[in-house]
Amino acid sequence: MNTTQNPSRRHLIATGAAVATGTLAFGMQDTAGAATRNRSTASRSPSMTSSTITTPDGTQIYYKDWGDGPVVTFSHGWPLNADAWDGQMHFLARNGFRVIAHDRRGHGRSTQSSSGNDMNGYADDLAVLFNALDLKKVTMVGHSTGGGEVVRYITRHGSQRVAKAVLIGAVPPIMVKSPANPEGLPIEVFDGLRAGLAGDRSQFYKDFAIPFYGANRQGAKVSQGVLDQFWLWAMQSGQKNAYECIKAFSETDFTEDLKKINVPTLVMHGEDDQIVPIQHSGKKAAQLVKGAKAIYYPGAPHGLTTTSQDKINADLLAFLKS
């Protein structure tokens with residue numbers, strides 16, 4: 001398998017972290033050996049840290065790990081990376097939780113792997129992360145594609161390490177239209193995404209950010225900064241990886257997976273989601289997961305973790321403490 005890494009970017013991140021640590025001199029204990037730190041024997045300060053784990057096929061998965069307390073993991077949407085969760089992670093870290101988010105393979109700071117760009121591959125990468133950090137009693141949170149990743153992890157690797165699950169604007173049960181799913185979106189919608197990505201992907205991402213955050217709705221208050229950060233994060237994903245991920249999030253059928261989820265589950269979805277329409281996904285998922293709780297947000301777009309950050313954070317915290 002061929003992989004591509006970005007040593008210059010990794011060097012820049014490492015150098016910046018070292019300078020910041022030396023300048024601020026807050027007495028943090030992080031060292032160059034943080035990547036192999038043994039959490040079971042080392043005392044850990046509630047500082048912001050980051051590292052990578054390596055999967056069996058040689059892919060390096062970047063993750064960041066903030067705070068102390070009950071563990072909450074975050075799986076991001078397409079075509080973004082772990083930074084899309086900063087608003088939730090920072091909030092929960094301040095409220096007594098240990099929060100961990102990773103860049104999916106091919107996205108952000110993780111390896112742009114030539115293979116494994118499917119839901120099984122994503123779930124397996126997450127299992128490697130859980131095992132490496134020996135995470136237990138985890139609340140798994142997934143947005144959009146990340147929601148599919150959470151569901152597939154639980155049914156593929158079991159719920160022994162999982163306490164709860166949260167699906168936000170998530171793609172399950174299945175997005176594409178078919179004889180078995182006649183109300184789904186036509187395959188031409190996803191072919192259009194692939195065409196845009198394979199063409200002028202930079203402009204495609206700028207255009208895609210607008211409905212993602214509902215900036216095309218009358219009265220919407222979406223800053224240029226929010227749209228710009230979407231483009232920045234999206235451009236960090238590998239073109240091949242993002243292209244293949246479209247099939248993964250649109251054509252993977254999670255119907256049977258949802259029926260097998262055996263942990264308390266919260267479904268959160270914007271009622272004006274133009275990317276993953278609520279009728280095709282959130283409302284169906286809530287019916288398929290036994291005992292699931294659902295919160296629907298009137299007028300909220302797909303990117304509701306940003307546009308409705310305070311409300312999402314409050315509801316998420318309440319579910320974590322329930």
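Taking a probe of 1.4 angstrom, what is the accessible area of residue 317 in Å², to the nearest 10?
Result for residue 317: roughly 30 Å² accessible.
At a 1.4 Å probe, what is the % contribution of carbon and sulfur to the accessible area of the chain? Could you put the intermediate results ahead of the total?
On the way: 7490 of 14070 Å².
Roughly 53 percent of what the probe reaches on the chain is carbon or sulfur.
Just checking my list [x] 18.8, 62; [y] 26.9, 89; [z] 17.8, 58 against Rg and Dmax of the Cα atoms in Å computed from this structure; which label fits?
Only one listed value fits the structure, namely [x].
Kindly provide the helix-only [θ] at 222 nm of the chain, computed as the sum of -39,500 (n - 2.57) over DSSP H runs of four or more divided by all residues, to the nearest 500 deg cm²/dmol? Could you put the intermediate results ahead of the total?
Numbers: 12 runs with 134 residues, N = 322.
Rounded to the nearest 500, it is -12500 deg cm²/dmol.
Could you pull out the pairs from 136/247; 206/290; 177/290; 164/221; 164/284; 206/293 whose alpha carbons sit more than 28 Å apart here?
Details: 136/247 31 Å; 206/290 38 Å; 177/290 24 Å; 164/221 33 Å; 164/284 19 Å; 206/293 34 Å.
As for pairs spanning more than 28 Å Cα to Cα, those are 136/247; 206/290; 164/221; 206/293.
Rounded to whole Å and ordered largest first, report the semi-axes of the equivalent ellipsoid of the range 217-295 derived from its Cα gyration tensor (root of 5λ).
28, 20, 11
Can you give me the long-range amide H partners of residue 294? Hydrogens built in the peptide plane at 1.01 Å from N, cutoff under 5 Å, separation of 5 or more residues or another chain.
The list, which skips near neighbours in sequence, is 267.
Would you kindly work out the equivalent ellipsoid of the range 178-322 from its C-alpha gyration tensor and give its semi-axes, the square roots of five times the eigenvalues, largest first in whole Å? Working shown, then result.
Values: eigenvalues 136, 94, 39 Å².
Result for the range 178-322: semi-axes of 26, 22, 14 Å.
Please give every one of the aspartates and glutamates within straight-line cross-link reach of residue 283, meaning a C-alpha to C-alpha distance under 20 Å, and leave out same-chain neighbours fewer than 8 residues apart.
Once the sequence-local aspartates and glutamates are set aside, what remains near residue 283 is 149, 183, 251, 253, 256, 257, 271, 272, 273, 315.
Residue 207 accessible area, nearest 10 Å², 1.4 Å probe?
For residue 207, the solvent-accessible surface is approximately 80 Å².
Whose amide H sits under 5 Å from the amide H of residue 75, counting only residues 5 or more places off or on another chain, with H placed in the peptide plane?
Counting only residues 5 or more places away or on other chains, the set is 141, 142, 143.
Send over a whole-number figure in Å² for the accessible area per residue of the range 103-176, probe 1.4 Å. Mind dumping the intermediate values first?
Values: 1800 Å² over 74 residues.
Using a 1.4 Å probe on heavy atoms only, each residue of the range 103-176 averages 24 Å².
Explain nothing, just compute: Karplus ³J(HN,Hα) = 6.51 cos²θ - 1.76 cosθ + 1.60, θ = phi - 60°, for every residue of the range 160-166 in order, whole Hz, x for Gly and Pro.
Calculated HN-Hα couplings, in order: 4, 9, 10, 9, 8, 9, 10 Hz.
Defining a contact as two alpha carbons under 8 Å apart and six or more residues distant in sequence, what relative contact order in percent does the chain show?
Working: 604 pairs, mean separation 55.7, N = 322.
In percent, rounded to a whole number, it is 17.
Limiting things to C-alpha atoms, what are the Rg and the maximum Cα-Cα separation (Dmax) for the range 128-242, in angstroms?
Final numbers for Rg and Dmax: 17.2, 47 Å.
Ranked by accessible surface with a 1.4 Å probe, highest first, in what order do 167, 288 come? Don't jump to the answer; show the numbers that get you there.
Details: 167 5, 288 50 Å².
Result of the area sort, largest leading: 288, 167.
Gap in Å between the Cα centre of the range 154-210 and the Cα centre of the range 281-322?
Their Cα centres are 17 Å away from one another.
How high is the relative contact order of the range 122-226? Use alpha-carbon pairs under 8 Å, at least six apart in sequence, and give a whole percent. Could you put the intermediate results ahead of the total?
Values: 95 pairs, mean separation 19.6, N = 105.
The value is 19 percent.
What residue among 247, 137, 283 shows peak mean-square fluctuation when the chain is described by a Gaussian network model with Cα springs under 10 Å?
137
Normalised by the residues of the range 181-317, what does the relative contact order come to in percent, with Cα pairs under 8 Å and at least six apart?
Details: 137 pairs, mean separation 35.3, N = 137.
That works out to 26 percent.
The values are calculated or read from the model by the stated rules, or taken from the named source; none is laboratory data. Quick caveat: nothing in here was measured; it's all calculated off a predicted structure. Ligands, DNA and RNA are excluded from the accessible area calculation, which covers all protein heavy atoms including side chains. Shrake-Rupley method; radii C 1.70, N 1.55, O 1.52, S 1.80 Å.
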